[in-house]
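Working notes for the structure below.
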Amino acid sequence: GAVVSQHPSWVICKSGTSVKIECRSLDFQATTMFWYRQFPKQSLMLMATSNEGSKATYEQGVEKDKFLINHASLTLSTLTVTSAHPEDSSFYICSASGLAGDPVYNEQFFGPGTRLTVL
Amino acid sequence: DAKTTQPNSMESNEEEPVHLPCNHSTISGTDYIHWYRQLPSQGPEYVIHGLTSNVNNRMASLAIAEDRKSSTLILHRATLRDAAVYYCILRDDNYGQNFVFGPGTRLSVLP
């Protein structure tokens, strides 16, 4: 089956620093990748949608200058949390969809998540 | 996307069947019914999906009402590893858009 990985799986950083999270589709090419955030005891909330080679589309209320998304290739998207603060501490999850016409196009495959703790 | 309604939580005994209900009275003709589950501290995992007919796979069965306004995810023999939050999500698969997650049903499995 299609596999999505995330790196790192957890990270602790100091307030004011920036953190980069990678999302990779390991055995398929992903036109579109999605970034979600999940606070404790809550459901996943979509932050942004990124398409390879173009700017990400952010959901309402998500600061695009704070959460920088780059989708430079069909197998890699990165989320950078800039000037992180304790309220940014959360579980960040990415997912990926395959190319149109691909058997995996209509499915989304989720990464294992990255737990960010900002001190 | 049409909304779904699920019970907040359910309990089951180990090795017994579990029926997880989902109501989606405003489903449109092109919406697929997807089920994902999320184990603690992990990303969501695909369980099953369908459009009109009942579906079976190695993980579960999906029973879809004839009017498609509700569906039921069936775990035939619950194990402790099935304890998770189960999400019922509608999506028009013709457009390959993101999934909109509701609160889901937290399933507890008792030994």
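Things worth noting here:
- Residues that are out of contact with any helix residue (DSSP H, G or I) (no Cβ under 6 Å at 6 or more places or on another chain), at pLDDT below 95 and of a type in the set (A, V, I, L, M) do not occur anywhere in the range B:65-88.
- When restricted to residues that are at pLDDT 95 or above and among the hydroxyl-bearing types (S, T, Y), the range A:17-42 contains 3.
- Taking the criterion of being within 10 Å of chain B (Cβ to nearest Cβ) and either under 30 Å from B:R106 (Cα atoms) or hydrophobic (A, V, I, L, M, F, W, C) (or both), the residues of the range A:6-32 that qualify are A:Q6, A:S9, A:W10, A:T32.
- Test: residue in the range B:48-58 that is in contact with a Lys or Arg (Cβ under 9 Å, 6 or more places away or on another chain), free of Cβ contacts under 8 Å to residues at least 24 places away in the same chain and more than 12 Å from chain A (Cβ to nearest Cβ): yes
- So B:R37, is it in contact with a strand residue (DSSP E or B) (Cβ under 9 Å, 6 or more places away or on another chain) and assigned to a strand (DSSP E or B): yes
- Residue check for B:S28: polar (S, T, N, Q), assigned to a strand (DSSP E or B) and either touching a residue at least 60 places away in the same chain (Cβ under 8 Å) or under 24 Å from A:K41 (Cβ atoms) (or both): no
The values are calculated or read from the model by the stated rules, or taken from the named source; none is laboratory data. Model, not experiment: these values are computed from the prediction. Cβ sites come from the backbone with ideal geometry, for glycine too, and all protein chains shown count toward neighbours.
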